[in-house]
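To keep things clear, I will list the structure first and then write my remarks on it.
The values are calculated or read from the model by the stated rules, or taken from the named source; none is laboratory data. These numbers were taken from a predicted model, which means no experiment stands behind them. In this analysis, Cβ positions are derived from the backbone assuming ideal geometry, glycine residues included, and neighbour counts consider all displayed protein chains. The area values use the complete protein model at the heavy-atom level, side chains included, leaving out ligands, DNA and RNA. Shrake-Rupley method; radii C 1.70, N 1.55, O 1.52, S 1.80 Å.
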Amino acid sequence: MSGTEMKLVVVGAAGRMGQTVIRTINAMPGAQLFAAVERPGSAFIGRDAGEIAGLGPIGVAISDKPLEAFVEAEGVLDFTSPAASVEFAGLAAQARIVHVIGTTGCSSGDDEKIKAAARHARIVKSGNMSLGVNLLGVLTEQAARALGPADWDIEILEMHHKHKVDAPSGTALLLGEAAAKGRGIDLASQSVRVRDGHTGARVAGTIGFATLRGGSVIGEHSVILAGEGEQVTLSHSATDRSIFARGAVTAALWARGQKPGLYSMLDVLGLS
Ligand code: NAD
């Protein structure tokens, strides 16, 4: 198998990320677009995936039959919705292939099902597939460890385009988890996701989130560590979706050689 191009299926092929992933596979050595899948009822079923992605015809028609594609393929690249990604994880486990999940907004129940599927599939899941954000996560963990909760407050600010449906972003949560790890605390019980009205003073040691939505912003994230008389800001700007798509294809190629299990981009990038 090694030495040959990895046969990849793109699910959500007509979406913003799906189209970007198709263009990226076309440009990256070692990967081949084997099939493209959209949701049943989509107007794109039967259309050429390359044409939809702006490449011109490539002879891969978009289908609504994921399992048929998975059993013949080696990996799935998935930027869809939580319900779809849970379904695809089960099918990837059945087919015993690689499943790269970029979908965000998964509930803890969804994550449990994905973890169960990883007994048979090689799953890489991350709220952000870019090298820059994963490095930012490592730096955030270090900063949160060095700048303690008695004197430093941590706030995470993000902005995305107006079509985004989940909040805070998967990346904001990834950065929150990194900060919580640095502080040795549990993010779920220590985070402040919304503030409105008379909230009272800030509780020391919590991690706050603020969400902005508008226009066509691909992804802006800042981790602000605010102390008495000084502030440290760590930030990342995404200006092109191809950073996520390159990360996803890199993850698939990496996972091809791994045992079944649930991995993150930190494993792929050697940052764990
Ligand atoms: P989008 O709405 O443009 O695309 C999603 C596509 O998935 C749509 O075309 C939709 O029809 C398709 N889809 C939904 N259910 C399906 C099913 N059952 N079978 C096949 N296709 C199905 O959204 P987008 O901007 O491309 O983002 C998709 C997801 O990826 C979001 O959760 C977003 O937050 C996430 N995202 C993650 C990263 C990362 O690096 N991890 C980067 C960008 C976006």
(message) Report the rotationally averaged projected area of segment 40-83 based on its alpha-carbon convex hull, in square nanometres.
(response) 3.8
(message) Report, to one decimal in Å, the Kirkwood hydrodynamic radius for the chain based on all distinct Cα pairs.
(response) 19.4
(message) Given Cα positions, please report Rg to Rh for segment 131-238, the hydrodynamic radius being the Kirkwood one.
(response) 0.96
(message) Just to verify a number: FRET efficiency for GLN94 and ALA146, C-beta to C-beta distance, R0 = 45 Å, to 0.05?
(response) 0.50
(request) Based on alpha-carbon positions alone, could you give the equivalent ellipsoid semi-axes of segment 148-199 from the gyration tensor, as √(5λ), descending, whole Å? (result) 22, 15, 10
(message) At q = 0.19, 0.24 Å⁻¹, what log₁₀ I(q)/I(0) does segment 211-272 have when each alpha carbon counts as one equal point scatterer in the Debye sum?
(response) -0.89, -1.03
(request) Note the full-extension length gain between THR233 and ALA27 as 0.36 nm times their separation in residues minus their Cα-Cα distance, in nm to one decimal. (result) 70.7 nm
(message) Within 15 Å, Cβ to Cβ, of VAL98, how many net charges do the neighbouring residues add up to if Lys/Arg are +1 and Asp/Glu are -1?
(response) +2
(request) Over the Cα atoms of segment 172-218, compute the convex hull volume and normalise it per residue, giving Å³. (result) 85
(message) Counting only protein heavy atoms and a 1.4 Å probe, tell me what percentage of segment 131-238's accessible area is made up of carbon and sulfur.
(response) 54
(message) How much accessible area per residue does the chain have, counting only protein heavy atoms and a probe of 1.4 Å, in square angstrom?
(response) 47
(request) Could you tell me what % of all Cα pairs in segment 42-143 have separations over 17 Å? (result) 60
